[in-house]
1. Taking the stretch 30-57, which residues are aliphatic (A, V, I, L, M) and either surrounded by 10 or more Cβ atoms within 10 Å (Cβ to Cβ) or in contact (Cβ under 8 Å) with a residue 60 or more places away in the chain (or both)?
2. Hey, Ile3 hits all of (1) part of a loop (DSSP other than H, G, I, E, B); (2) at pLDDT 95 or above but one; which does it fall short on?
3. Can you tell me how many residues within the stretch 17-38 are within 14 Å of Met50 (Cα to Cα) and among the hydrophobic types (A, V, I, L, M, F, W, C)?
Amino acid sequence: MKITRFEDIEAWQEARKLVNLVYEAINRSQKFKKDYRLVNQIQDAAVSVMRNTCPVK
């Protein structure tokens, strides 16, 4: 498999799925959504995984 874009990297694709799962879990719970600090930390952590799979440009 030839990688021509960072979106082709399997780790990035899996990280993207993780981000989507995190956002869905947060949106399902009104109580969870109200804890803004925790929500922000969890979202930042999930997005960080996706960012760290991209090569430096």
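1. Passing the criteria: Leu38, Val39, Ile42, Ala45, Ala46, Val47, Val49, Met50.
2. Ile3 satisfies all of (1) part of a loop (DSSP other than H, G, I, E, B); (2) at pLDDT 95 or above except (2).
3. The number of residues fulfilling the criteria is 4.
The values are calculated or read from the model by the stated rules, or taken from the named source; none is laboratory data. Just so it is clear, the model here is predicted, and its values are computed rather than measured. A quick note on method: Cβ atoms are made from the backbone with ideal geometry, for glycine too, and the neighbour counts reach across all protein chains shown.
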